[in-house]
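The values are calculated or read from the model by the stated rules, or taken from the named source; none is laboratory data. This is a predicted model, so every value here is computed, not measured. Neighbour counts run over all protein chains shown; Cβ positions are idealised from the backbone, glycine included.
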Amino acid sequence: MPVITLPDGSQKHFEHAITVAEVAGSIGPGLAKAALAGKVNGALVDTSAVIDADASVSIVTDKDPEGLDIIRHSTAHLLANAVQELYPEAQVTIGPVIENGFYYDFAYKRPFSTEDLAAIEKRMAEISGRDLKVHRRVLPRDAAVEHFKKLGEHYKAEIISAIPAGESISLYGQGDWEDLCRGPHVPSTGKLKAFKLTKVAGAYWRGDSRNEMLQRIYGTAWANEKQLKEYLTRIEEAEKRDHRRLGRELDLFHFQEEAPGAVFWHPKGWALFQQLIGYMRQRQTEAGYLEVNTPQVMDRELWVKSGHIESFGENMYLTQTPDDRVFALKPMNCPGHIQVFNQGLRSYRELPLRLAEFGAVHRYEPSGALHGLMRVRAFTQDDAHIFCTPDQITAESVAVTQLILGIYRDFGFEDVRIKFSDRPAKRVGSEEIWDNAEAALRQACEAAGIETTLNPGEGAFYGPKLEFVLRDAIGRDWQCGTLQVDFNLPARLGAHYIGEDSQKHTPVMLHRAMFGSLERFIGILIEHHEGKLPIWLAPVQAVVIGITERQEKYCLEVAENLKNQGLRVETDLRNEKLGYKIREHTIKRVPFLLIAGDKEAEGRTLAVRTRAGKDLGSFELKELSALLCEEIASRGRLVLEDRVSQRRSA
Ligand SMILES: [Zn+2]
Ligand SMILES: [Zn+2]
């Protein structure tokens, strides 16, 4: 007679075997209604699963992550059910749960249209409304193969044939529709209420381009309408901000097939890129870094010694020269910086030595993983390596952490989380070295007074790391900066210094990056600001617009004057309507439109308009340029608009 232990430790005694649903019912009618599945001794099962021995049981509802997965999985079945009701010739294949939703691949004679999706979604709602009980039965493998063959479901039959002969196969169904599945599922279709089909795309059977093309329908599903709506709004927001589209619209960069994962920067995008470099160079110089530059291509042997070939080889580009030497494109800058350190005899007096490089690196990523600027194969790191003594680790780590947080604030990121990543499975160096490195980094976190969350097994192959995660304007997290403590690489590559004791010592190396990848950071900035970059970063900071050609000379003078003060300014003297010009530059997200008609040209003033459509009134050129320069120097903290309203109300 089963004794059921509940998550709070309490126990329930039953006289006979019971189902998960009955356990839920014995706790309360609310839970019985909310139950989607159960967890029996850690295994997920249907609410109809029978428990006939002592067990620990918890009830899974839509509040649990597993519950949400079960909803999504069951909604994929609901989709397949609807498709086969509407298009009986369509064959089912597979339908897994993915992030925020699910997809299902169908074999059908033609692609599904947007109208088809609407019809399918409507039918899904109908089947949900029928509130059909979800049933499960088990067949021996061969019987299951026969069963699906008879139904004309050749893909299912093929999938089942690949399962070992002795095994039995579970089938899940609702009404008279049935599919192969391991489960578990929601108890009835009525539990599936908040879903939406999002898109349809072609996909090859088993992901192999030699196979036939299937129709993949994507959808999202949630516990309730509110969650669904929030998600759809989030997606809409993210699409509005998509840096790939904005990159095109703002003429910043492009990609093309000849260089997968590598950016073609256009003049405006490159201006932004150079702003970041200039800014970082200044901050680093102030913080005592020295900038270096090391080769793109170095002998493979160096990468064998450093351990990169062993631990990172599958991401590296190799190249062979006509003299039969094999070289690698650098995936990281660290070994190069050690070569610089190794030139000449180093003394402890030179430590900490902070070497920085805007290092262009190449890392192979599968083409399916590439995503605009966010995931590329060629990128530029704002990389630095601090060579120091063990005693200096704490102070240096604290300084790096403070520098990173200060820099993020300048870019408008106030919400930063820090993760602590410890030793990964694939690593170099003894356990003792790892113990020391992890302890040193923990100590630095304590000294800096920062809180971290543990990210187990996610450290670099040569050392533990801190990861700095930014939260953007729509609540998405982006890992950017890192700080890694490394007791391994310097020894592997023969770095040493002469200590106070006149003996040779191996330095510790701190690897750190703040933006991480400049390309990716620009992608994040574009999406965070929806392309409306703060004036200090905007590729074009102001456009001087003439209303008629009579103002041409004055507009050119104004632009020249502002350019001489270091502003990035364009003129628009085209013979177009003013409204048209304003609209165009607003779409291009130029922060300020400086408009001149006869009155302005005569009075040597400008009518100022923001990209948000605000009319700030008339300014004398000298006053305006001073205000703009101050806003730029303050990195957007002093806002012209606010200062104008203050000035006018004073
Ligand atoms: Zn299923
Ligand atoms: Zn490094």
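The table that follows gives values for the structure above.
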{"item": "Residues of the stretch 235-255 that turn out to be surrounded by fewer than 13 Cβ atoms within 10 Å (Cβ to Cβ) and at positive phi, as a count", "result": "0"}
{"item": "Selection count where residues are farther than 22 Å from residue 230 by Cα and surrounded by 14 or more Cβ atoms within 10 Å (Cβ to Cβ), scope the stretch 174-199", "result": "14"}
{"item": "Scope the stretch 457-487; condition of a type in the set (Ser, Thr, Tyr) and either surrounded by fewer than 18 Cβ atoms within 10 Å (Cβ to Cβ) or within 17 Å of residue 401 (Cβ to Cβ) (or both); matching residues", "result": "482"}
{"item": "Matching option when the condition is crowded, with 17+ Cβ neighbours inside 10 Å and within 27 Å of the chain's Cα centre (by Cα), among 232, 214, 228", "result": "228"}
{"item": "Subset tally (residues that are at pLDDT 90 or above and either within 16 Å of ligand 2 (Cβ to nearest atom) or touching a Phe, Trp or Tyr at 6+ places or on another chain (Cβ under 6 Å) (or both)) for the stretch 180-212", "result": "7"}
{"item": "Qualifying positions in the stretch 148-169 - within 16 Å of ligand 1 (Cβ to nearest atom) and buried (at least 17 other Cβ atoms within 10 Å of the Cβ)", "result": "148, 153, 155, 156, 159, 160, 169"}
{"item": "Qualifying residue in the stretch 101-112 (condition: among the aliphatic types (A, V, I, L, M), assigned to a helix (DSSP H, G or I), buried (at least 17 other Cβ atoms within 10 Å of the Cβ) and away from ligand 1 (no atom under 15 Å from the Cβ))", "result": "no"}
{"item": "Count - residues of the stretch 465-514 that are part of a loop (DSSP other than H, G, I, E, B) and either within 13 Å of ligand 2 (Cβ to nearest atom) or not polar (S, T, N, Q) (or both)", "result": "15"}
{"item": "Residue within the stretch 305-314 that is of a type in the set (Asp, Glu), within 26 Å of residue 458 (Cβ to Cβ) and either in the same structural domain as residue 403 (by TED's automatic domain parsing) or surrounded by 15 or more Cβ atoms within 10 Å (Cβ to Cβ) (or both) present", "result": "yes"}
{"item": "Filter pass, residue 105 being in contact (Cβ under 8 Å) with a residue 12 or more places away in the chain, within 33 Å of the chain's Cα centre (by Cα) and closer than 15 Å to residue 215 by Cα", "result": "yes"}
{"item": "Residue among 349, 325 that alone is away from ligand 1 (no atom under 16 Å from the Cβ) and over 20 Å from residue 498 (Cα atoms)", "result": "325"}
{"item": "Given (1) closer than 20 Å to residue 379 by Cβ; (2) loosely packed, with under 14 Cβ neighbours inside 10 Å; (3) in contact with a strand residue (DSSP E or B) (Cβ under 9 Å, 6 or more places away or on another chain), index of the condition residue 258 fails", "result": "(3)"}
{"item": "Filter pass, residue 372 being at positive phi and either of a type outside the set (Lys, Arg) or assigned by TED's automatic domain parsing to the domain that holds residue 521 (or both)", "result": "yes"}
{"item": "Condition check for residue 433: under 30 Å from residue 531 (Cβ atoms) and away from ligand 1 (no atom under 16 Å from the Cβ)", "result": "no"}
{"item": "Strands (runs of 3 or more DSSP E) enclosed by the stretch 307-426 - at least 3 residues per element that are among the charged types (D, E, K, R), closer than 22 Å to residue 472 by Cβ and within 15 Å of ligand 2 (Cβ to nearest atom)", "result": "none"}
{"item": "Residue among 561, 575 that alone is surrounded by fewer than 15 Cβ atoms within 10 Å (Cβ to Cβ) and over 27 Å from residue 527 (Cα atoms)", "result": "575"}
{"item": "Residues of the stretch 42-89 classified as closer than 30 Å to residue 206 by Cα and either free of Cβ contacts under 8 Å to residues at least 60 places away in the same chain or within 16 Å of ligand 2 (Cβ to nearest atom) (or both), total", "result": "9"}
